[in-house]
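The structure appears right after this line, and notes come after that.
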């Protein structure tokens, strides 16, 4: 059973959101352990460019494993303020520590997020 | 319909495997990790459960004549205890399945079919058997197939063998022998595989599968790693081996896939009788090929995947990717694709439409990896 930390929020597309998910807030985003496990060994992460705008529910990047490729969705709307540059050299961090060193990008939120799930709801989704 | 379980299902669960539905079977896609499993086969040894593969026994006085009619290869030339890579084609020359045929006796062959095609192959063999003195038996449920692949596989399989262990080492590629494994388990051991490495495939009774699996892990120790379907796919891709449903389909002939050599048309000195697909395959042989299966290698990070377009520099589609992945051994994206003859020469620069962006890749001869 994949780990689902209690203190994070989640999207149905298997991203997690850490931080103040409200207008004016800044959040850190990654993919869940469930998603990382399903992809297998991740060898390439394409995060959205710093300074670009992302829209909740829309594709903003991609993750590639030996087995498959998966699109990365933004769980919130806003402006990308940073991306995890370490993943260029160590994309396996997404598998090893999806909720920590495997974070993917940070967004300054410009619209109130809708439809984010708490840990219990996300856990049910993936049960 | 629920998926069929391998006789090794409980072993896979105990090893923490991620199981997926594959051609109606619930099979391990990975245990520890795709890259670690792939690397183990290239550098040491990997253990695979191939129980999903179909095994069809052909017995009878007309076994040779029947298989020479039903399949494209010259089965009468296969020696006792030898194996042959062959195909079943339709009357129009399209590939129904690629197969390995093992000759177990003068009048007894075992045909190993892809899991997804086993029922079709069995039905076609049955239809083609009219008038021949043969019996066909689907042994897929009774037989477990376990593969030990990698440079250390010979030592491991030899050590697993209690009687006639000396026969394992000298066994040539595509040859097989009956041995008795530790625990008095009878096995038909073939030096065959789908990884591009030295390796063995062990046919055992389904009831013995758990004992053989555990024996391989116990003998192999740190040198052997259980491997799932994901690493099996990247291993065969690097080795340039076709996968049915991707490089081979009903719409491709063996010539399209560069495998015309599997068809024996016979010669004047050594003629061969009729076989299903002969007329269409002769025409395909004599026609100028319109497309060629080639390898692809890239310098970027994004990989080609099955179904992606191959385009010229202007972005005009010229072909299609059949398989692709980031190669664990080569450390770069690789693939296989059908391209027109004009773009098939090694070194030709093409673009692959990877989700809307053209990724430059270079055409390369197959296989993309060859063991030292």
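The values are calculated or read from the model by the stated rules, or taken from the named source; none is laboratory data. None of these values were measured; they are calculated from a predicted model. For neighbour counting, all protein chains shown are included, and Cβ atoms are generated from backbone atoms with ideal geometry for every residue, glycine included.
When residue A:81 is evaluated against the numbered criteria (1) under 13 Å from the mean Cα position of the chain (by Cα); (2) surrounded by fewer than 16 Cβ atoms within 10 Å (Cβ to Cβ); (3) outside any loop (DSSP other than H, G, I, E, B), which criterion, by number, is the only one it fails?
So residue A:81 meets the others, but not (1).
It is to be established whether one or more residues within the stretch A:69-78 are in contact with a strand residue (DSSP E or B) (Cβ under 6 Å, 6 or more places away or on another chain), within 11 Å of chain B (Cβ to nearest Cβ), on the phi < 0 side of the Ramachandran plot and assigned to a loop (DSSP other than H, G, I, E, B).
no
Looking only at the stretch B:259-273, count how many residues are modelled with pLDDT of 95 or more and either assigned to a loop (DSSP other than H, G, I, E, B) or over 17 Å from residue B:71 (Cβ atoms) (or both). Lay out the reasoning, then the answer.
Our first condition is that a residue be modelled with pLDDT of 95 or more; within the stretch B:259-273, this holds for B:259-265.
Applying the additional criterion that residues be either assigned to a loop (DSSP other than H, G, I, E, B) or over 17 Å from residue B:71 (Cβ atoms) (or both) yields B:259, B:263-265.
So the answer is 4.
Restricting to the stretch A:1-37, name every residue that is within 14 Å of chain B (Cβ to nearest Cβ) and either touching a residue at least 12 places away in the same chain (Cβ under 8 Å) or under 14 Å from the mean Cα position of the chain (by Cα) (or both).
Keep residues of the stretch A:1-37 that are within 14 Å of chain B (Cβ to nearest Cβ), which gives A:1-2, A:33-37.
Residues satisfying the conditions are A:2, A:33, A:34, A:35, A:36, A:37.
Scan the stretch B:358-367 and tell me whether some residue there is assigned to a loop (DSSP other than H, G, I, E, B) and modelled with pLDDT under 95. Even if it seems obvious, please write down each step before you answer.
Just the residues of the stretch B:358-367 that are assigned to a loop (DSSP other than H, G, I, E, B), to begin with: B:365-367.
If we keep only those that are modelled with pLDDT under 95 as well, we get none.
Scanning the stretch B:358-367 turns up no residue that is assigned to a loop (DSSP other than H, G, I, E, B) and modelled with pLDDT under 95.
Show me the strands (runs of 3 or more DSSP E) found entirely inside the stretch B:16-57 where at least 1 residues are within 12 Å of another protein chain (Cβ to nearest Cβ). Steps first, answer last, please.
Details: elements: B:18-22, B:25-30, B:45-49.
Qualifying strands (runs of 3 or more DSSP E): B:18-22, B:25-30.
Any residue in the stretch B:140-157 that is touching a strand residue (DSSP E or B) at 6+ places or on another chain (Cβ under 6 Å), under 30 Å from residue B:274 (Cα atoms), at pLDDT 95 or above and crowded, with 16+ Cβ neighbours inside 10 Å?
Checking the stretch B:140-157: at least one residue is touching a strand residue (DSSP E or B) at 6+ places or on another chain (Cβ under 6 Å), under 30 Å from residue B:274 (Cα atoms), at pLDDT 95 or above and crowded, with 16+ Cβ neighbours inside 10 Å.
Could you go through the stretch A:113-123 and let me know if any residue there is more than 14 Å from chain B (Cβ to nearest Cβ), part of a strand (DSSP E or B), surrounded by fewer than 21 Cβ atoms within 10 Å (Cβ to Cβ) and touching a helix residue (DSSP H, G or I) at 6+ places or on another chain (Cβ under 9 Å).
For the stretch A:113-123, residues more than 14 Å from chain B (Cβ to nearest Cβ), part of a strand (DSSP E or B), surrounded by fewer than 21 Cβ atoms within 10 Å (Cβ to Cβ) and touching a helix residue (DSSP H, G or I) at 6+ places or on another chain (Cβ under 9 Å): present.
Out of curiosity, is residue A:64 outside any loop (DSSP other than H, G, I, E, B), within 14 Å of another protein chain (Cβ to nearest Cβ) and over 25 Å from residue B:16 (Cβ atoms)?
No, not satisfied.
Taking the stated definitions as given, is residue A:85 at the interface with chain B (Cβ under 8 Å from one of its Cβ atoms) and at pLDDT 95 or above? Please lay out each step first, then the result.
On the way: at the interface with chain B (Cβ under 8 Å from one of its Cβ atoms): no; at pLDDT 95 or above: yes.
Spelling it out, it is not the case that residue A:85 is at the interface with chain B (Cβ under 8 Å from one of its Cβ atoms) and at pLDDT 95 or above.
Given the structure, is residue A:90 away from chain B (no Cβ under 14 Å), over 16 Å from residue A:10 (Cβ atoms) and at pLDDT 95 or above? Quick ask: steps written out before the conclusion?
On the way: away from chain B (no Cβ under 14 Å): no; over 16 Å from residue A:10 (Cβ atoms): yes; at pLDDT 95 or above: yes.
The answer is no for residue A:90.
Name the one entry in B:70, B:3, B:61 that is away from every other protein chain (no Cβ under 14 Å) and modelled with pLDDT under 95. Quick ask: steps written out before the conclusion?
Numbers: B:70 fails: modelled with pLDDT under 95; B:61 fails: modelled with pLDDT under 95.
Unique residue meeting the criteria: B:3.
Quick check, is residue B:300 surrounded by fewer than 17 Cβ atoms within 10 Å (Cβ to Cβ), within 14 Å of chain A (Cβ to nearest Cβ) and either within 19 Å of residue B:254 (Cα to Cα) or more than 22 Å from the chain's Cα centre (by Cα) (or both)?
On the way: surrounded by fewer than 17 Cβ atoms within 10 Å (Cβ to Cβ): yes; within 14 Å of chain A (Cβ to nearest Cβ): yes; either within 19 Å of residue B:254 (Cα to Cα) or more than 22 Å from the chain's Cα centre (by Cα) (or both): yes.
So residue B:300 passes the test.
Within 13 Å of chain B (Cβ to nearest Cβ), out of contact with any helix residue (DSSP H, G or I) (no Cβ under 8 Å at 6 or more places or on another chain), surrounded by fewer than 22 Cβ atoms within 10 Å (Cβ to Cβ) and closer than 27 Å to residue B:357 by Cβ, is that true of residue A:49?
Details: within 13 Å of chain B (Cβ to nearest Cβ): no; out of contact with any helix residue (DSSP H, G or I) (no Cβ under 8 Å at 6 or more places or on another chain): yes; surrounded by fewer than 22 Cβ atoms within 10 Å (Cβ to Cβ): yes; closer than 27 Å to residue B:357 by Cβ: yes.
No; evaluated as a whole, the condition is false for this residue.
Among the residues that make up the stretch B:324-341, is at least one of them surrounded by fewer than 16 Cβ atoms within 10 Å (Cβ to Cβ) and away from chain A (no Cβ under 14 Å)? Walk me through how you get there before you give the answer.
Filtering the stretch B:324-341 for residues surrounded by fewer than 16 Cβ atoms within 10 Å (Cβ to Cβ) gives B:330-332, B:340-341.
Cutting the leftovers down to away from chain A (no Cβ under 14 Å) gives us B:340-341.
Within the stretch B:324-341 (the criterion being surrounded by fewer than 16 Cβ atoms within 10 Å (Cβ to Cβ) and away from chain A (no Cβ under 14 Å)), the answer is yes, since at least one residue qualifies.
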